[in-house]
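Worksheet for the structure shown next.
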Amino acid sequence: MKSLLTWSNEIKDWRETKGFETSKENMLGKLMLVVSELAEAAEDVRHEKWEHFGEEIADTFIRLLDICGSLDINIEKEIERKMKINWDRPILHGTKSPI
């Protein structure tokens, strides 16, 4: 199985071969594409299209990993660093809801 770091570089390379660019200047647009993929996943949940839900989640990860590859973000390192912080947080920190 490929690592997230490998996927991020492969997706970036694939995107470039298709003629699309990613830079800090168009990052807001790229982030909105991530949001639109999540919105499509939400619609699948709303309409109980579970057979398609995974594809939309995959599209979300693909867009996020493309951003990581484009900006040289080592997402594996960032997830590890952030999860160390999360493990030390109290139960249900920052919320009154268990969601």
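The values are calculated or read from the model by the stated rules, or taken from the named source; none is laboratory data. None of the values given here were measured: they were computed from a predicted structure. Positions of Cβ are backbone-derived with ideal geometry, glycine not excepted, and every protein chain shown enters the neighbour counts. Note: areas computed on protein heavy atoms with side chains; ligands, DNA, RNA excluded. Shrake-Rupley method; radii C 1.70, N 1.55, O 1.52, S 1.80 Å.
Residues that are open to solvent by less than 60 Å² (accessible area, probe 1.4 Å), out of contact with any helix residue (DSSP H, G or I) (no Cβ under 7 Å at 6 or more places or on another chain), in contact (Cβ under 8 Å) with a residue 24 or more places away in the chain and not in a helix (DSSP H, G or I): does segment 25-34 have at least one? The answer is no; no qualifying residue exists. The set of residues in segment 70-91 that are in contact with a helix residue (DSSP H, G or I) (Cβ under 7 Å, 6 or more places away or on another chain) and either modelled with pLDDT of 95 or more or hydrophobic (A, V, I, L, M, F, W, C) (or both) comprises N74, I75, E76. Out of curiosity, is L5 part of a helix (DSSP H, G or I) and either touching a helix residue (DSSP H, G or I) at 6+ places or on another chain (Cβ under 6 Å) or modelled with pLDDT under 95 (or both)? Here the answer is yes, as L5 does meet what is asked.
Do we find a residue being closer than 23 Å to D13 by Cβ and under 16 Å from the mean Cα position of the chain (by Cα) anywhere in segment 38-46? So far as segment 38-46 goes, no, none of its residues is closer than 23 Å to D13 by Cβ and under 16 Å from the mean Cα position of the chain (by Cα).
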